[in-house]
Amino acid sequence: MVLSDNNKDQSIDEGFNSVDMIMHHIADSHEWHLWGEGESSFTIPLPVILYTNGHLDLFMSSKFNHGHSNVTKGDRVYSIDSHSHIKELNGFPLVDLSITKNTASLFISLVLLLLIFGSVGRKSIKNQGAPKGLASFIEPLVVFVRDDIVKPNVGKNSTKYLPYLLTLFFFILVNNLLGLLPGGANVTGNMAITLILAFITLVVTNISGNKNYWSHIFKPPGVPLLLMPIMIPIEFVGIFTKPIALMIRLFANISAGHIVLMSLIALMFIFKNWLGSSLSFLLAFSISIIEILVAVLQAYIFTVLSALYFGFASEENNH
């Protein structure tokens, strides 16, 4: 009797696995799954580009048949596991250059940004009066970033850093919002993306560093000579901990928000009754509104901190 109950529980669990659903949403993939399960699912296959043993192999991810089939190209045999990792079964070294879901979403955000700012820029040049249409929404955001983020935190050199900081703000904002759409990709919740953004900020900060900036690191003012062997390593490590904090903050907040939201959605399928599903829906809807605020806030925080780092690196000694 106990055995049959366990088997029954296992069959229920196999019908819907909330952990797999959540992890599938936040993880990168070689195909873009939009809705449905099994044969009724709607999935967009993405290009697979593999460099193996001197050969460049190109094919669509649908060739893997959702992991049920291997793909043979000459003496090379490829398989894909449940975590969307491609392996070469004959032991050849493999370089994966594929267009994954996150990469495709990056291209979409790039096209959106070019269309939005290309259109707004052309209209701003033609119309010298009050902005209209889309420009009436974008221009106040641009002015906000310039006057309330860049100028106060960078100082007199703000014009030099404004293009990068504007690009940074809108890139993070657009990708945060795209990730909240049904079937959206978790781009800014991917540590590889946040690592690159933080690395660019690190490089720009240290390239911009003047004599005053570096003297504060290798000869901290007002520090007794005996404490120099302690303070100098701490200040030097601080060069790297600041961008690392940027990377982890954006990654953790966006990923955590997606996990909480998908967990509440999963509860609707677990409860399987109108009361539990209704409560889960209301909670998920509330969290979705909060996530929109978080998407804006995280773009703001990343841009503000980057501007602060640039200001610290370029400020003069008497500031």
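The values are calculated or read from the model by the stated rules, or taken from the named source; none is laboratory data. Computed from a predicted model, the values in this text were never measured in an experiment. So basically every Cβ, Gly included, is an ideal-geometry build from the backbone, and we count neighbours across all protein chains shown. Protein only, heavy atoms only, side chains kept; ligands, DNA and RNA dropped before computing areas. Shrake-Rupley method; radii C 1.70, N 1.55, O 1.52, S 1.80 Å.
Looking at segment 56-103 only, could you name the residues that are in a strand (DSSP E or B) and open to solvent by less than 40 Å² (accessible area, probe 1.4 Å)?
Hits for segment 56-103 are 57, 59, 71, 76, 77, 78, 79, 80, 86, 88.
Quick one: residue 93 ticks every box in (1) of a type outside the set (A, V, I, L, M); (2) without any contact (Cβ under 8 Å) to a residue 60 or more places away in the chain; (3) closer than 20 Å to residue 24 by Cα except a single one, so which number is it?
(3)
Mind checking which pairs have a first residue in segment 144-157 that is in contact (Cβ under 8 Å) with a residue 40 or more places away in the chain and under 14 Å from residue 299 (Cα atoms) and a second that is open to solvent by less than 70 Å² (accessible area, probe 1.4 Å) and hydroxyl-bearing (Ser, Thr, Tyr), Cβ under 7 Å, 6 or more apart or different chains?
145/303; 149/303; 150/158; 150/161
Quick test for you: out of 119, 124, pick the one residue that is open to solvent by less than 40 Å² (accessible area, probe 1.4 Å), out of contact with any strand residue (DSSP E or B) (no Cβ under 8 Å at 6 or more places or on another chain) and at pLDDT below 90.
Unique residue meeting the criteria: 119.
For the list (1) over 20 Å from residue 204 (Cα atoms); (2) assigned to a helix (DSSP H, G or I), I need the number of the one condition that residue 187 fails.
Checking residue 187 against (1) over 20 Å from residue 204 (Cα atoms); (2) assigned to a helix (DSSP H, G or I), the one that fails is (2).
If I ask for residues that are surrounded by 13 or more Cβ atoms within 10 Å (Cβ to Cβ) and not in a helix (DSSP H, G or I), which ones from segment 211-228 would you list?
220, 223 - these are the residues of segment 211-228 that are surrounded by 13 or more Cβ atoms within 10 Å (Cβ to Cβ) and not in a helix (DSSP H, G or I).
Can you run down the residue pairs with Cβ atoms below 6 Å, 6 or more apart or on separate chains, where the first is in segment 280-297 and touching a residue at least 40 places away in the same chain (Cβ under 8 Å) and the partner is crowded, with 16+ Cβ neighbours inside 10 Å?
If the second residue must be crowded, with 16+ Cβ neighbours inside 10 Å, the pairs left are 291/180; 291/257; 294/257; 295/176; 295/177.
Looking at residue 111, is it open to solvent by less than 20 Å² (accessible area, probe 1.4 Å) and part of a helix (DSSP H, G or I)?
Considered against the rule, which asks whether it is open to solvent by less than 20 Å² (accessible area, probe 1.4 Å) and part of a helix (DSSP H, G or I), residue 111 comes out as no.
For segment 127-180, what are the residues that are open to solvent by 70 Å² or more (accessible area, probe 1.4 Å) and of a type in the set (D, E, K, R)?
132, 139, 146, 148, 151, 156, 160, listed by residue number.
Is there a residue in segment 244-259 that is farther than 30 Å from residue 182 by Cβ, in a helix (DSSP H, G or I) and either open to solvent by 30 Å² or more (accessible area, probe 1.4 Å) or touching a Leu at 6+ places or on another chain (Cβ under 6 Å) (or both)?
Yes, segment 244-259 has at least one match.
Would you pick out the residues in segment 291-319 that are more than 18 Å from the chain's Cα centre (by Cα) and assigned to a helix (DSSP H, G or I)?
Passing the criteria: 307, 308, 309, 310, 311, 312, 313, 314.
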